[in-house]
Amino acid sequence: MKKSAEGPTLVEVICKSLLLFPKKHSCLVGISGGIDSVALLYLLLEGGYKNLILVHFNHQLRGVDSDEDALFVQNLANDLQLPCELGTEDVRARSLDSKISLETAAREARYDFFGRVAKKNGLQTLLLAHHADDQIETCFFNFLRGTGSAGLAGMLPRSERKIGTTILTVVRPLLSIFKERLRNYLIQKAIPFRHDATNDSLIPMRNRLRHQLLPLLDDIVGPTYRNAILRTATILAAEDDYLEKLTAPWATQKALTIEEINTLPLALQRRVVHAWLRMHHFSDVGFVEVERVLSLLNPQNAAQINLPECRHAYRSLGKIELTRIFHTDLLRKP
């Protein structure tokens, strides 16, 4: 394989990121129909990865366009003679019913679907097409919102996600590759793809970062800052992985023992609480939520605090526990 002036070829990057997965290994590949996922699929096939099941989820958020995306993916699978699983759900209804953001509802519904398909097919690996531009936007967005090293590390090349009783290994082989290079790959090979018009909208904050703020930084400091962010994310990801392993024994506990947590340094306390909340299915854990839980360590503070998604944490008998406030309980209150 001849290397380009840009360094390793795209196929070489893919193969290197999947060294732990033999080419005969069966896995799911998330396909939206856009540039990123279509490029990932063809690069996998070019690299010799053949045992793939395409998975596409219709969020029902873009009307006819959403349906046409699903049809495009099904036709793509048929052309390549690959198995394909299509899922769909009214994500807007899930958002309203669960009182969570549309983005969170979409992510939950999508991963629920991935988990069901993985369990049905006895698979444990899911490949996703997030690329370098996505990583930069994620790191920048997390920085502006306020975050620790985990947020600044962005998306991990490899992580585990528990969905019900299924544990999926999520792999992102394209995190070091910029979208323009993926686009050029598809154009050079005349490979068709879908365009999501919602990515052009300037209403979501992430889109404003993509179309306005980051190009402005390109003009002011030059595009080299993008590679600097990727390097920082790589460094922090390794540190975050180490801290994640330290917090693992606490994360899986049903309750946190106050005396034990009080012996830890503040930095590790925060990491423990963050991991604990995430393990208990809080989808969006930030500094505020962590600090609220930590306030329960002090017996002088209130014994109960509110958390997102109609849940709360409380202090009882030397432990911190979680519970859910059900809508029916709220209706019974005078």
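Before moving on, here are some points about what is shown:
- Cross-link reach is defined here as a Cα-Cα straight distance under 17 Å, omitting same-chain residues fewer than 8 places apart; for K319 the aspartates and glutamates meeting it are E259, E260, E291.
- Highest-MSF residue in the chain out of V293, V64, V29 [GNM, Cα springs under 10 Å]: V64
- Too-long pairs where the Cα-Cα distance tops 28 Å, listed order kept, from K16/K245; K99/K162; K179/K245: K179/K245
- Gap separating the Cα centres of region 225-253 and region 76-90, nearest whole Å: 34
- Relative contact order of the chain: 14 percent, from C-alpha pairs under 8 Å at least 6 residues apart in sequence.
- Cβ-defined net charge surrounding P22, 15 Å radius [Lys, Arg +1; Asp, Glu -1]: +4
- Ordered by solvent-accessible area of protein heavy atoms (1.4 Å probe), largest first, the residues D196, D240, D90 come out as D90, D196, D240.
- Ratio of Rg to Rh for region 216-316: 1.11 [Cα atoms; Kirkwood radius as inverse mean 1/r over pairs].
- Among residues other than Q253 with Cβ under 12 Å from its Cβ, the summed charge is 0 (Lys and Arg +1, Asp and Glu -1).
- Put simply, the convex hull of the Cα atoms in region 20-152 casts, on average, a shadow of 9.6 nm².
- Per-pair calculated FRET efficiency, R0 = 22 Å: A267 and L144 via Cβ, rounded to 0.05: 0.50
- Kirkwood-Stokes translational diffusion coefficient of region 105-223, alpha-carbon pairs, 37 °C, 0.692 mPa s, µm²/s: 199
- Choice from G34, G222, G148 with maximal GNM fluctuation in the chain (Cα, 10 Å cutoff): G222
- P(r), alpha carbons of region 43-102 - 10 Å bins starting at zero, rounded %: 21, 39, 26, 14, 1
- Expressed as a fraction of 2.2 N^0.38 Å, the C-alpha radius of gyration for the chain is 1.08.
- The Rg/Rh ratio of region 7-96, with Rg taken over Cα atoms and Rh as the Kirkwood radius over Cα pairs, comes to 1.04.
The values are calculated or read from the model by the stated rules, or taken from the named source; none is laboratory data. Given the structure is predicted, the values throughout are model-derived calculations rather than measurements. Because the Cβ atoms are built from the backbone with ideal geometry, glycine has one as well, and the counts that use them run over all protein chains shown. Quick note on the areas: whole protein, heavy atoms, side chains included, nothing else; ligands and nucleic acids left out. Shrake-Rupley method; radii C 1.70, N 1.55, O 1.52, S 1.80 Å.
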